[in-house]
Structure formats: structure tokens, C-alpha cells
Amino acid sequence: MSRIVDVVRRNGAPVTVPPTASAQTAAATMTQHNVGATHVHEGDTLVGIFTERDLARRVVVPGLDPASTPVADVMTRDVVVVQASTSHNEVMRLMQKGHFRHAPVSDGDKIVGVVSVRDLLRFDKEHAEAENLPLRQYVYTS
């Protein structure tokens, strides 16, 4: 059984913004790092997550000004944080049940990354392909 830490891409520290950053700054940060979510940290403490969905539903649709709206006003506060030892199947179950697509991953009390549904699907696909390779080789060489 795979642990979620095996799925998380380790591209350095997670992308973060402070709660005082504007929604526009958070969106620009996500664009710059090519991610769909950013952690919102106050010092070393995770206080929320800001996602593309938050931007669309909480900023754009209500007609708020992204340049003057603090991310603290529009972020998701009740963040599900998963432990590095959690199985990737359990994380997928939590995401489906909770209707969210990104989850911070912690190792003890330190956030070590974020996992997305896309990461989980990519991992499953690569794992299935690796499992099927010997079968395909057997079929084609027999």
C-alpha cells in the first residue's frame, strides 16, 4: 500500500502566501509556480488554503476586486491536512467525501507538500502501467 508521501512531488517548499496577501497576489503566485492551490501561512502556522476554486467562487462570482481582497477573507479555513503515512487510497476517499481537490501533507508538525487529485490519478496510472508491463511482455512474447 502506497503512502501519500510517495505521491507528493517534492519540488522544494510548498507554495505559500500570508493571509494579508491579496487574492490577485495569491493567484499570481499560483500561476508563477504552476499550481492550483497555495497554503496560507501566518508565520509557521497553516491558517488556510487558497485554491482556483476559491478564486472563482469567492472572488470572481461575487464581483470582488482581486487586488484589494485579502486572501484571508476568501480562503478555505477548514483545511484537511493528511499525514505523510496516510495511504493514497485513504486520501482519495477523504477528497471524494469532502469535495476538495488539494490537501496539505504533513510529516509530524511540518507541512512537506500538497497533494492534488491530479497527483493521485497520475500515481495510479503510472502504478498500473508498471504492473501491466510484465503482462504485456508475456502476451507479446508468447
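Things worth noting here:
- FRET E, pair D44, L94, Förster distance 30 Å, beta-carbon r, rounded to 0.05: 0.80
- Subtracting the Cα-Cα distance of R77 and A28 from 0.36 nm times their residue separation leaves 15.6 nm of extension gain.
- C-alpha center-to-center spacing [the stretch 29-43, the stretch 44-89] in angstrom: 9
Every number in this text was worked out from the coordinates using simple rules, so none of it is lab data. What you are looking at is a predicted structure, and each value in this text was computed from that prediction instead of being measured. When we count neighbours, we look across all protein chains shown, and the Cβ atoms used for this are built from the backbone with ideal geometry, even at glycine.
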